[in-house]
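Each reported figure results from applying straightforward, stated rules to the coordinates on display, with no laboratory input. The structure displayed is predicted, hence computed values, not measured ones. Don't worry about glycine lacking a Cβ; one is built from the backbone with ideal geometry, like all the others, and counts go over all protein chains shown.
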Amino acid sequence: MNRIDQTFKKNEKLLSIYFSAGHPKLEDTLPILVALQDSGVDMVEIGLPFSDPLADGPTIQKSSTCALRNGMTTEKLFDQLENIRDNIHIPLVLMGYFNPIMQYGIERFCQKCQSIGIDGLIIPDLPIDLYHEYYKEVFDKYNLYSMFLITPQTPEARIHFIDSISNGFIYMVSSASVTGAQNTFGKIHEDYFKRIANMKLSTPQIVGFGISNASTYQMATKYSSGGIIGSAFIKFLEKSGVAAIPEFIKSIR
């Protein structure tokens, strides 16, 4: 069974953390993963830096740019993760854009992910129809889950289609905007969370974009199976460093 499925079976409300590989320092990837696992995080999304991250807000864009300047590449990340399963047992998801994956070679990329122990991919700019027609077979061959995003504007029929071909989880974007931390969620967010919950989808949903503290995490997970924190974690990491990661996770839960 995929580690993502195992994690959903064990946890009522999952906490996932996103960070850009190679940021703040090039060799921080492994120390961050160890600190997150030791702090009780359920899953980690490792961002593969890209020069034109259209879905990302300024904080993640800045961290991605920093990582690229530090020398992070797809090959470098794979080298860093080569023996990751000796120490890390929670699900690991790579999140990145389609261009670097195509440049690396789609099947070669998937094969490498499987050999390392990556559980799934989130590729925001890969249309689900294109994935379903051309790439799902390759992903399945290497036991990789592909998670797709929905937003408040996604039509209901589209959501049901995504649900019908999804595995792992559906990435539920909290608002129709780029990534970024918020201090609170309002009624418009809660209504959206309720609406999706009432659709009774077969695939678990995790809310991302805008979660920054215990309050927003609790609101997001009131109607979903988990929450993803990215920008707020990256800001904390820049300010306080890897050693303080347990403090951040404790503040959320």
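Stretching the chain fully between V34 and S115 yields a gain of 27.2 nm (0.36 nm per residue, less the alpha carbon separation). Counting every Cα pair in segment 58-122, what percent are over 15 Å apart? Value for segment 58-122 (Cα pairs over 15 Å): 57 percent. Fewest-first ordering of V93, V138, V44 by other beta carbons within 10 Å of each residue's beta carbon gives V138, V44, V93.
Using Cβ contacts closer than 10 Å as the measure, can you line up C113, C66 from fewest to most?
Fewest-to-most ranking of C113, C66: C66, C113.
For I229, the residues whose modelled amide H falls within less than 5 Å of its own, excluding neighbours fewer than 5 places apart on the same chain, are S16, I17, Y18. With a cut-off of 17 Å on the backbone N, the residues of segment 85-124 near the modelled label site 7 Å out from E137 along Cα-Cβ are 106-108, 110-111.
One compactness figure for the chain is 0.93, namely its Cα radius of gyration divided by 2.2 N^0.38 Å.
The Q103 and T151 beta-carbon pair, evaluated with R₀ = 30 Å, returns a calculated FRET efficiency of approximately 0.65. With the cut-off at 1.5 for a/c, could you classify segment 125-164 from its C-alpha gyration tensor as rounded, prolate or oblate? Since a/c reaches 1.5 and a/b is larger than b/c, the shape of segment 125-164 is classed as prolate.
Of the trypsin sites (Lys or Arg not before Pro) found in segment 10-117, those in coil by DSSP whose Cβ has at most 16 other Cβ atoms within 10 Å are K13, K25.
Approximating the spin labels as points 7 Å out from Cα along Cα→Cβ, the K25-to-R158 distance works out to 4.3 nm. The ranking of R158, R3 by Cβ neighbour count inside 10 Å, starting from the fewest, reads R158, R3.
So what is log10(I(q)/I(0)) for segment 129-252 at q = 0.09, 0.13, 0.18, 0.21 1/Å, when the Debye sum runs over its Cα atoms only? Taking Cα atoms of segment 129-252 as identical point scatterers yields -0.29, -0.59, -0.97, -1.15. With the largest listed first and rounded to whole Å, the semi-axes of the equivalent ellipsoid of segment 68-196 from the Cα gyration tensor are 28, 19, 14.
Annotation note: GluC sites (Glu not before Pro) in segment 1-55 located in DSSP loop regions with a Cβ neighbour count of at most 16 within 10 Å are E12. When only alpha carbons are used to place a centre, segment 200-251 and segment 79-131 end up 22 Å from one another. Max-minus-min Cα coordinates of segment 1-70 on each principal axis give 39, 26, 20 Å, with the largest extent listed first. Here, segment 1-122 has an Rg and a Dmax of 13.9, 39 Å when only alpha carbons are counted.
So how much slack lies between D5 and K235, counting 0.36 nm per residue of separation and subtracting their Cα-Cα distance, in nm?
79.8 nm
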